[in-house]
Amino acid sequence: MIASVADGLAHITHDTYVVVLNLPQIETQQSPYIFEGTAFQIWQLIDGTRTEAQIVDQLVETTGAEREVVARDTRDFLATLRGLGLIEELNA
Amino acid sequence: MVRSELQLLAQDAVPLAHALSEHVARGLGTRALAIKGPSATHHALREARLSADADIWVEPSGFELFIAALEDRGWHGRVGTEVSRELTEHSVTLIHGEWPCDIDVHREFPGLLAPAVTVFEELWAGRVYLQQACVDIAVPGLAGAILIAALHAIRTPAQSPRHASEFRQLTARCEFLTPLQREDLAELAAKVNALDTARPFLDSLGIRLPGPTPYGVSPALDEWRARIAADGSRAAKRWIVVARRPLRQRPAAIWRVLWPPEQDLRQDNPIIPSGRIALNWARTRRLLHVARQVPATARGRLAARRGVSRSSIADQPK
């Protein structure tokens, strides 16, 4: 499955962090989210072309971190984003 | 991982508040224009700078619904005194505990004296779109943005160096307007009844205008002239509120200005220490302040009676 940012979000991307407001669910998520560090790196790779495994590959390659740690962080973060409705899954 | 150590900054909050407002308005099926900040920057009427709030002009029929919808999303009105509410009846300021910026929701704009529906329709007709936080928002076109920027500057006391500088930048930018753009500006000013209020600015551009409207024709214009010629002094603004009252209510209203109730005074000045002595000392300072502004207030009333739209910010050397 390919991860893609959900439609209708308002977002501002900086060099080291991104601020995201979930407009479609603004009644329950009234404030913006700020993603920095690893979360920001993962967020940048959610571009509608990569699967979770490809995101992990890319992060391992660019950061040199252990695959197991990266895979766990990525899985957790994507699950959180999915739960918040900030991303959606596309069929590969 | 979602929890961040970073605080939401105004530089991000303001564009997001614009995007939020557009989303809410669209959901209600109503129309909203973002005015001032992004609009002025888009039209190169001022340098890009950090705004402290989002100014959203909602069409009159959707105003109350829009406020209610934002309240449903955690925004609420800022508490103010009766006088401050009367002085800012053109807009409602909403705040949210987790946002470092306000949303000022306008039902009209000071100095645009035609009926609110007419003004909104005219500005909406000239709208253009720009992006804030990756969301398309509507802003006034060039003529509308110029009028709003000019009236905002004229209405603000010339003592503010930033506003004086922005007014100079605005007039400098407008020197390069084409004849057609000048025509559009004059035409819009006439349609939204701003020829008299924006006269100092339009005069500075060399736009030919009909003669000024005399005193007594439009109470709103008389108030505007009194306020502007008094350099926006607080006493002049408070006198405007007093003058709106029927004659029999004015003595009490004047007393309220001169010797305000404790609640009003503490809302205006939250730093006043507790206790009767501190309160009365603050009242005395207020009284002296009002007394010092009597000449400016009188100057404003005189200008209004003469039918003069004078603005010190427009008088400053370029």
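The values are calculated or read from the model by the stated rules, or taken from the named source; none is laboratory data. The structure displayed is predicted, hence computed values, not measured ones. Counting neighbours? That spans all protein chains shown, and the Cβs are built from the backbone with ideal geometry, glycine included.
Quick notes on this structure:
- Residues of segment B:125-139 that are within 11 Å of another protein chain (Cβ to nearest Cβ) and touching a His at 6+ places or on another chain (Cβ under 8 Å): B:132, B:133, B:134, B:135, B:137.
- Close pairs (7 angstrom Cβ cut-off, 6 or more residues apart or separate chains): closer than 22 Å to residue B:31 by Cβ in segment B:85-108, assigned to a loop (DSSP other than H, G, I, E, B) and at pLDDT 90 or above anywhere: B:90/B:107; B:90/B:108; B:90/B:109; B:90/B:110; B:91/B:107; B:94/B:75; B:103/B:75
- Filtered residues of segment B:124-162 (kept if over 16 Å from the mean Cα position of the chain (by Cα) and assigned to a helix (DSSP H, G or I)): B:124, B:125, B:142, B:143, B:161
- Residue that is modelled with the highest pLDDT [pool: residues in segment B:165-190 that are surrounded by fewer than 19 Cβ atoms within 10 Å (Cβ to Cβ) and under 17 Å from residue B:36 (Cβ atoms)]: B:173
- Residue B:288 loosely packed, with under 13 Cβ neighbours inside 10 Å, free of Cβ contacts under 8 Å to residues at least 24 places away in the same chain and not basic (Lys, Arg): yes
Residue-by-condition table, conditions (1) under 20 Å from residue B:89 (Cβ atoms); (2) under 21 Å from the mean Cα position of the chain (by Cα):
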{"residue": "B:197", "(1), (2)": "yes, yes"}
{"residue": "B:210", "(1), (2)": "no, no"}
{"residue": "B:227", "(1), (2)": "yes, yes"}
{"residue": "B:231", "(1), (2)": "no, yes"}
{"residue": "B:237", "(1), (2)": "yes, yes"}
{"residue": "B:278", "(1), (2)": "no, no"}
{"residue": "B:284", "(1), (2)": "no, no"}
{"residue": "B:298", "(1), (2)": "no, no"}
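- Taking each residue of segment B:163-174 that is touching a residue at least 40 places away in the same chain (Cβ under 8 Å) and hydroxyl-bearing (Ser, Thr, Tyr) and looking for partners that are in a helix (DSSP H, G or I) and surrounded by 16 or more Cβ atoms within 10 Å (Cβ to Cβ) with beta-carbon atoms closer than 8 Å, six or more apart or interchain, yields B:171/B:201; B:171/B:204.
- Taken as a whole, the structure places residue B:128 among residues that are among the β-branched types (Val, Ile, Thr) and under 27 Å from residue B:15 (Cα atoms).
- In the set (1) at pLDDT below 95; (2) over 30 Å from residue B:257 (Cβ atoms); (3) acidic (Asp, Glu), the condition left unmet by residue B:82 is number (2).
- Residue selected from segment B:247-276 under the condition within 19 Å of residue B:78 (Cβ to Cβ) and of a type in the set (A, V, I, L, M), by the criterion nearest to the chain's Cα centre (by Cα): B:265
Here is a yes/no grid of residues against (1) surrounded by fewer than 20 Cβ atoms within 10 Å (Cβ to Cβ); (2) within 15 Å of residue A:1 (Cβ to Cβ):
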{"residue": "A:28", "(1), (2)": "yes, no"}
{"residue": "A:34", "(1), (2)": "no, no"}
{"residue": "A:39", "(1), (2)": "no, no"}
{"residue": "A:47", "(1), (2)": "yes, yes"}
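- Unmet criterion (only one of (1) touching a helix residue (DSSP H, G or I) at 6+ places or on another chain (Cβ under 8 Å); (2) under 18 Å from residue B:236 (Cα atoms)) for residue B:269: (2)
- Checking each residue in segment B:111-158 for being within 16 Å of residue B:188 (Cβ to Cβ) and hydroxyl-bearing (Ser, Thr, Tyr) picks out only B:118.
Residues are listed down the side, and each one gets a yes or a no for (1) out of contact with any His (no Cβ under 8 Å at 6 or more places or on another chain); (2) closer than 22 Å to residue B:20 by Cβ:
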residue	(1), (2)
A:14	yes, yes
A:17	yes, yes
A:23	no, yes
A:31	no, yes
A:41	yes, no
A:49	yes, no
A:52	yes, no
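- Each residue in segment B:145-164 was checked for being buried (at least 21 other Cβ atoms within 10 Å of the Cβ), in contact with a helix residue (DSSP H, G or I) (Cβ under 7 Å, 6 or more places away or on another chain) and not small (Gly, Ala, Ser), and 3 of them qualify.
- Hits in segment B:200-223 - residues which are among the basic types (Lys, Arg) and surrounded by 18 or more Cβ atoms within 10 Å (Cβ to Cβ): none
- Hey, residue B:190 under 19 Å from residue B:114 (Cα atoms), in contact with a Pro (Cβ under 9 Å, 6 or more places away or on another chain), without any contact (Cβ under 8 Å) to a residue 40 or more places away in the chain and in a helix (DSSP H, G or I) or not: yes
- Restricted to segment A:1-87, the set of strands (runs of 3 or more DSSP E) holding at least 3 residues that are more than 8 Å from chain B (Cβ to nearest Cβ), more than 24 Å from residue B:97 (Cα to Cα) and in contact (Cβ under 8 Å) with a residue 60 or more places away in the chain comprises A:2-5.
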